[in-house]
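S.K.: I'd like to ask some things about the structure below.
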Ligand code: HDE
């Protein structure tokens, strides 16, 4: 359903509900009884039909009962055994006020199930949101891989889960952290998982250190604070001692650590993978997801506000956008490198997951497009129970000897055993392959299949020799025959003798990252380090962290040291690597699909321009939110009435990407009365101010506009918008403020500003 249609339906429903609620003798123009709550424009619709290929492999009961495996069926409440009950509200008691009886099997079963509804949350990436979609390959990868789903035009269903890393399941979305970007491709040749992040490098080079970095980042073990953030001593203790974490840490301290939306993040496979072509030739690759909407971030103040005002900010944003028809898209791309024995490229060690290969050296070549098209029907069944694994590979895609990847290939299966309660989690609907499964695995906790046959072993004659080993005539997984060099068993650094940027180089690429940033991005990085280190208590940790910064950039170190009130360490001259412009996210013009535009509307004024503006916003694929001084429905008697979606009490700037001021806007009655009361005047009879105070804005509107301005967002309007902005203390002709002739035209000019995401030129670049 289009945004526009959805809005029209919502408005029509809201108007109907108010009309129903009005008593016949309510005089026109006067508020009637309080209407029922209004629907959000993106109210989830009925559950989608189940996918045929997600039906249980064999759900008939062992005694040959009905094979219908639908989770909830029939019109009547039953016990878990399908027995209809006469009451589910009262437990069985000896007398209505007497003791509860142990023989109440319905009570016992109902509470038993409830008691066990929770499963352990993920040890990392516990907080997440997911969506279904499709991936369509463009065929460009066919020359380097035999993977069937990467052949031209092949469409593959996918399930994508985005996540934060450190926080618990109920933590806020907008904390400063790395984001997970995990994709399950249900290919015809079995399931392929690309379990990536929104940052292309990792904190550690060897998986054996994963428990260390996570223990350091998680809350302190004594008080279990702080939740979902790295601004504390243990994190900075670890990363300042363990300098290979420097590269990932500076990405975290950049705007990448606080994305505007899951829809506006890049994704990276991080490790180098090996693609295998039909003729057996191999190519090393790095995977990249490029969002069609561009890479955009929150400001740090917004991120902090959202953590309180709307902790579900990213989850809501994703679901709302998909629901309203603004389906997010990413292009999947690969950087390709020759599979040489050294496994290096342009002096960069490809087995080191703390290094990137700049796109200027190896361009990202698009190989297909991902579109997220619908939201999960049930959070627990799908988003919580989905089980990703780096070892879920399909023919044509193989791994390399990256020591971090090796540990991951062990870890993911292992963690699911505890989290999902046994080895049969591949039978959970969301995890079921869309390819036939005949794995000869049997039994175990939560076995759902009723396997036929008597010979789950090979070779056999009793089941006619089934299942058979795939021959060359069909797609089958064959490990690339990589030569493993003869070597002694050691526990040692894997530094490459042939790469200049190898495992032991911890600073060249962090420095390159910093030098590739625009001034405003550098400022944000300096502010983030100052904030995070400012939250540490241990002086020695701050000083050690400054020594790391001194190895990245002298000015950065100086700025942070000043902010902390510490002496900056002295440094020698630093080598200046070539910047990689592709690393900066500032600049360019981007689609505005799914962006939220608040339209500030006077509840007593004409709606003519507002209707046009609202339609123009929706037609541009954005989501208009009508904001007014009171809730309900606005009706100027001159056209279709309009539902109010936010009031000045329920809106905050963080949920809007842009704002349009639809004048005229008289002050809110509360504000006028407060001002009048201050002046000792009696309250005005008609509730509207008439004196000079009437020119004063509702302070909540002034706050909203001030925040929009401070967060470098697009501001527009028409009519008396100029006067309103001036009353809010803003410059109506300032950068990123566009005043149009009417509602529709204001939207046009606003889109021009919004396409750049932020109006950084509103603030002069601060000197670092
Ligand atoms: Fe993970 N990681 N990881 N990780 N990871 C998990 O698996 C692990 C790493 C990533 O939405 C766990 O099912 C080890 C890098 C994502 O369900 C666990 C190491 C990258 C998700 C695990 C790493 C990731 C996880 C926890 C170092 C980016 C969420 C729950 C060797 C390329 C997937 C689970 C989802 C989840 C282990 C490092 C991405 C414990 C041992 C590097 C996106 O198995």
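S.K.: Would you be able to tell me the number of residues in the stretch 129-145 that are more than 10 Å from the ligand (Cβ to nearest atom), in contact with a helix residue (DSSP H, G or I) (Cβ under 9 Å, 6 or more places away or on another chain) and either on the phi > 0 side of the Ramachandran plot or in a strand (DSSP E or B) (or both)?
M.R.: Of the residues in that region, 6 qualify.
S.K.: Could you list all residues from the stretch 267-298 that are within 17 Å of residue 584 (Cα to Cα) and in contact with a helix residue (DSSP H, G or I) (Cβ under 8 Å, 6 or more places away or on another chain)?
M.R.: Hits for the stretch 267-298 are 291, 293, 294, 295, 296, 297, 298.
S.K.: How about the stretch 377-397: which of its residues are more than 16 Å from residue 275 (Cβ to Cβ) and in contact with a helix residue (DSSP H, G or I) (Cβ under 7 Å, 6 or more places away or on another chain)?
M.R.: 381, 382, 385, 386, 387, 388, 389, 391 - these are the residues of the stretch 377-397 that are more than 16 Å from residue 275 (Cβ to Cβ) and in contact with a helix residue (DSSP H, G or I) (Cβ under 7 Å, 6 or more places away or on another chain).
S.K.: Just checking, which of 600, 558, 566 is in contact with a strand residue (DSSP E or B) (Cβ under 7 Å, 6 or more places away or on another chain) and either assigned by TED's automatic domain parsing to the domain that holds residue 750 or surrounded by fewer than 21 Cβ atoms within 10 Å (Cβ to Cβ) (or both)?
M.R.: Only one candidate qualifies: 600.
S.K.: Here is a follow-up. Suppose the filter is within 16 Å of the ligand (Cβ to nearest atom), within 32 Å of the chain's Cα centre (by Cα) and touching a residue at least 40 places away in the same chain (Cβ under 8 Å); does residue 431 pass it?
M.R.: Criteria met by residue 431.
S.K.: Within the stretch 475-512, track down each residue that is modelled with pLDDT of 95 or more, touching a helix residue (DSSP H, G or I) at 6+ places or on another chain (Cβ under 7 Å) and under 14 Å from residue 351 (Cβ atoms).
M.R.: Of everything in the stretch 475-512, just one residue is modelled with pLDDT of 95 or more, touching a helix residue (DSSP H, G or I) at 6+ places or on another chain (Cβ under 7 Å) and under 14 Å from residue 351 (Cβ atoms), namely 501.
S.K.: Could I ask something else about it? For the stretch 741-756, enumerate the residues that are buried (at least 24 other Cβ atoms within 10 Å of the Cβ) and touching a helix residue (DSSP H, G or I) at 6+ places or on another chain (Cβ under 7 Å).
M.R.: Result: 743, 746, 747.
S.K.: Under the condition of being out of contact with any helix residue (DSSP H, G or I) (no Cβ under 6 Å at 6 or more places or on another chain) and closer than 20 Å to residue 648 by Cα, which residue from the stretch 611-622 is surrounded by the fewest Cβ atoms within 10 Å (Cβ to Cβ)?
M.R.: Among residues in the stretch 611-622 that are out of contact with any helix residue (DSSP H, G or I) (no Cβ under 6 Å at 6 or more places or on another chain) and closer than 20 Å to residue 648 by Cα, the one surrounded by the fewest Cβ atoms within 10 Å (Cβ to Cβ) is 611.
S.K.: Would you check if there is a residue in the stretch 604-623 being at positive phi, in a loop (DSSP other than H, G, I, E, B) and either modelled with pLDDT of 90 or more or not assigned by TED's automatic domain parsing to the domain that holds residue 305 (or both)?
M.R.: The answer is yes; a qualifying residue exists.
S.K.: Could I ask something else about it? Scan the stretch 531-550 and tell me whether some residue there is under 27 Å from the mean Cα position of the chain (by Cα), assigned to a helix (DSSP H, G or I) and buried (at least 19 other Cβ atoms within 10 Å of the Cβ).
M.R.: Yes, because at least one residue in the stretch 531-550 is under 27 Å from the mean Cα position of the chain (by Cα), assigned to a helix (DSSP H, G or I) and buried (at least 19 other Cβ atoms within 10 Å of the Cβ).
S.K.: Touching a strand residue (DSSP E or B) at 6+ places or on another chain (Cβ under 9 Å) and either within 16 Å of the ligand (Cβ to nearest atom) or closer than 30 Å to residue 495 by Cα (or both), is that true of residue 370?
M.R.: Taking the combined requirement at face value, the residue satisfies it.
S.K.: Report yes if residue 126 is in contact (Cβ under 8 Å) with a residue 24 or more places away in the chain, within 16 Å of the ligand (Cβ to nearest atom) and either assigned to a helix (DSSP H, G or I) or in contact with a helix residue (DSSP H, G or I) (Cβ under 9 Å, 6 or more places away or on another chain) (or both), otherwise no.
M.R.: Criteria not met by residue 126.
S.K.: Cβ-Cβ under 9 Å, sequence separation 6+ or interchain: first residue in the stretch 469-485 and farther than 18 Å from residue 399 by Cβ and outside the structural domain of residue 151 (by TED's automatic domain parsing), partner in a loop (DSSP other than H, G, I, E, B) and modelled with pLDDT under 95. Which pairs?
M.R.: From the stretch 469-485, the pairs are 469/458.
S.K.: Could you identify the single residue in 353, 363, 395, 376 that is away from the ligand (no atom under 16 Å from the Cβ), crowded, with 19+ Cβ neighbours inside 10 Å and part of a loop (DSSP other than H, G, I, E, B)?
M.R.: 395
S.K.: Go through the stretch 414-425 residue by residue and tally those that are more than 7 Å from the ligand (Cβ to nearest atom), surrounded by 16 or more Cβ atoms within 10 Å (Cβ to Cβ) and in a helix (DSSP H, G or I).
M.R.: Qualifying residue count for the region: 1.
S.K.: Can residue 752 be described as in contact with a strand residue (DSSP E or B) (Cβ under 9 Å, 6 or more places away or on another chain) and closer than 25 Å to residue 699 by Cβ?
M.R.: no
S.K.: Output the residues belonging to the stretch 87-123 that are away from the ligand (no atom under 16 Å from the Cβ), in a loop (DSSP other than H, G, I, E, B) and within 30 Å of residue 161 (Cα to Cα).
M.R.: 116, 117
The values are calculated or read from the model by the stated rules, or taken from the named source; none is laboratory data. Everything quoted here is computed from the prediction, not taken from an experiment. No Cβ is skipped: glycine too gets one built from the backbone with ideal geometry, and neighbour counts run over all protein chains shown.
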